[in-house]
Amino acid sequence: MKVRIRFALAALALVVAACQGSSPVRGTGEGKVVSIDAAHAEITIEHGDIEGVMKAMTMPFTVSDPRLLEGLAPGAAIEFDVEQRGERHFVTAIRRR
Ligand SMILES: [Cu+2]
């Protein structure tokens with residue numbers, strides 16, 4: 001049992017190291033604003049394929065700066081830059097289409 005836990009911790013440390021060591025993956029997507037949660041600096045976007053980052057889906061993103069959400073409303077067509085850091089995705093720029 002102890003050996004198994006130690007192995008699991010070692011594997012986890014490797015994954016964490018791999019995530020921190022790699023530079024962030026970036027991409028640009030197009031989509032539609034589904035909802036905005038300014039209090040949590042979060043925007044949910046229905047987006048198309050983002051080459052090198054992810055397939056088409058609807059999902060929430062954290063914005064790197066809450067001011068990016070100013071003047072946006074559900075239904076707005078946007079183009080956005082996304083940055084993947086480890087398991088998390090951040091929107092770093094939003095442009096209206
Ligand atoms: Cu997505």
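The values are calculated or read from the model by the stated rules, or taken from the named source; none is laboratory data. Fair warning: this is a prediction, and the values are worked out from it, not measured in the lab. Cβ coordinates were reconstructed from backbone atoms using ideal geometry, including for glycine residues, and neighbour counts include every protein chain displayed.
Residue-by-condition table, conditions (1) modelled with pLDDT of 95 or more; (2) out of contact with any Ser or Thr (no Cβ under 9 Å at 6 or more places or on another chain); (3) within 16 Å of the ligand (Cβ to nearest atom):
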{"position": "Ala17", "(1), (2), (3)": "no, yes, no"}
{"position": "Ser22", "(1), (2), (3)": "no, yes, no"}
{"position": "Thr28", "(1), (2), (3)": "yes, yes, yes"}
{"position": "Ala56", "(1), (2), (3)": "yes, yes, yes"}
{"position": "Ile78", "(1), (2), (3)": "yes, yes, yes"}
{"position": "Val91", "(1), (2), (3)": "yes, no, yes"}
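Which members of the range 44-62 meet the condition of being on the phi < 0 side of the Ramachandran plot and either touching a helix residue (DSSP H, G or I) at 6+ places or on another chain (Cβ under 6 Å) or in a loop (DSSP other than H, G, I, E, B) (or both)?
Gly48, Asp49, Glu51, Val53, Lys55, Ala56
Can you find a residue in the range 63-76 that is within 13 Å of the ligand (Cβ to nearest atom) and either at pLDDT 95 or above or hydrophobic (A, V, I, L, M, F, W, C) (or both)? Spell out how you get there, then give the answer.
Applying the first criterion (within 13 Å of the ligand (Cβ to nearest atom)) to the range 63-76 yields none.
Checking the range 63-76: not a single residue is within 13 Å of the ligand (Cβ to nearest atom) and either at pLDDT 95 or above or hydrophobic (A, V, I, L, M, F, W, C) (or both).
Could you please let me know if Arg96 is basic (Lys, Arg) and modelled with pLDDT of 95 or more?
Working: basic (Lys, Arg): yes; modelled with pLDDT of 95 or more: yes.
So Arg96 passes the test.
Confirm whether Ile78 is in contact with a helix residue (DSSP H, G or I) (Cβ under 7 Å, 6 or more places away or on another chain) and assigned to a strand (DSSP E or B).
So Ile78 does not fit the description; no.
Check whether at least one residue in the range 34-41 is within 10 Å of the chain's Cα centre (by Cα) and either assigned to a loop (DSSP other than H, G, I, E, B) or surrounded by 15 or more Cβ atoms within 10 Å (Cβ to Cβ) (or both), and report yes or no.
No: zero hits.
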